[in-house]
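Single-structure report; data block below.
None of the figures in this text is laboratory data; all of them are computed from the coordinates on show. The model shown is predicted, which means the values in this text are computed figures rather than measured ones. Positions of Cβ are backbone-derived with ideal geometry, glycine not excepted, and every protein chain shown enters the neighbour counts.
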Amino acid sequence: MNNKAFQNILKNALTFLVIFLAINFIFNSFFSNEESNIPKSGITFESNQNEYSLYDSPILKIENNTDQILTLDDRCPNTPLPVQKFENGVWQDLTITKEATCDENKSITIEPGETREISFEPWKNKLFDQTGNYKFLLPMEEKTLETGEISVNQPGFFAWIWQSILYQPIYNALIFFASILPGFNLGLAIILLTIVVRTLLLIPNQKALKSQKKLQQIQPKIAELKTKHGDNKEKIAMETMAIYKEQKVNPFGSCLPLLLQLPFLIAIFQVIRNGVGDEHLLYGPLQQFDSSQINTVFLGLELTEVNFLILPFIVGGFQFIQMKLAMSRNRQKQPKDKKPASEMEIANRTMIYIMPIMIAVFTASVPAGVGLYWASSTIYGIGQQLVINRQMEQETTQVRVVNEGKNKKKKEKYKELNEQRKANKED
């Protein structure tokens, strides 16, 4: 393998690595922790932010700088710490009227010198579903500690668009499928949702896969340009664009399937991570359904938890099959003097192995329900790729037959002209 081929492989690997890291960054919410001015003695009790939107989950930080164990008694279905809201000029205690998803009979212990963050994710849509000012309390024997005032505001425009146009419809679709399927199984609902999403994206995905296949087919022509023009990059670029135009190929079209699926993947990740208890997000007819009946176990996998042992290998295997099909050439006779593989071909072959590994690592870092969606989507993609491969093979065969017919007619016409010239000379 020459240096250029190695550089091409490295460049492709880095590209996919950047995409992988970007997805993981999007999937995890990072919050900037403000430094506290309270001396590190006694109990430090504060929120990691002073402002939240309606779609955020408050997080509290408790730092135990004493020599005693701090125990927070279980208050399920209420929050682990009391919450107050400022209404009508006074601070009023908030209580849960509907059961929240929390670990029952589980107290929280904070050892001396330990810092613990407490997320209010299970309660964010039951207590913090309205704008206003809130504060959290930490009852102690000597006194009750309080956080400063925390404001919950309306979300920004783009957050509202995301919630209303993508997240909420997907959440309702998932709950609807779960409500009509046997056993209210979340896994079957995810598979059915995947089929619906992939079918909605069928036409653009079809075009993108064809573009990817055509791009692969013209790689030998592009490789010839590099051989023909050497280091003349400007000439190579001009003729490459001419080939793209002639073959009607969009070099960026192959990225479309991933880009189209990414918003749905993120939305499904958030739905599974946040749980299925957001009743206030349900549309009218679904508000009567008790989401606590949903079974989150599918084929022995707890879909709300990360699975390290089985699912990543399954998803990686399916991804390998799909990429192998995408990179396969049409079944046709190859010339005996077949040229060595180009740099692009070597890079593509390498990515057949690198990409599944990266997808497997990604699957091992998210809830199993997200991995199930990706596996189902990949299986759908394998079927779609098989259809595309067959169509492209038929089109290539038809073009070859047409070209052979044209060449035959040209030869016959040339033969006729030669015979006519001979006859004219004899006369």
Fill in the blank from the handout: So, with points 7 Å from each Cα along the Cβ direction, the C76-W160 label distance in nm works out to 3.7
Practice task
May I ask for the net charge around I62, where only other residues with Cβ less than 11 Å from the Cβ of I62 are counted and Lys, Arg are +1 while Asp, Glu are -1?
Solution key: -2
Exercise for the section: Sticking with the crude label model, points 7 Å out along Cα→Cβ, report the distance from L386 to Q206 in nm, one decimal please. Expected result: 1.8
Handout entry: Loop-located trypsin sites (Lys or Arg not before Pro) in region 161-248, at most 11 other Cβ atoms within 10 Å (DSSP)
Key = K248
Exercise for the section: Filter the cross-link list K235/K324; K228/K324; K213/K245; K207/K228 down to pairs whose alpha-carbon distance in this structure exceeds 25 Å. Expected result: K235/K324; K228/K324; K207/K228
Handout entry: Where the Cα pairs of region 77-201 fall when distances are cut into 5 Å bins, in %
Key = 2, 8, 12, 15, 15, 14, 12, 9, 7, 4, 1, 0, 0
Exercise for the section: Report the FRET efficiency, 1/(1 + (r/R0)^6), for S107 and M327, where r is their Cβ-Cβ distance and R0 is 56 Å, rounded to 0.05. Expected result: 0.55
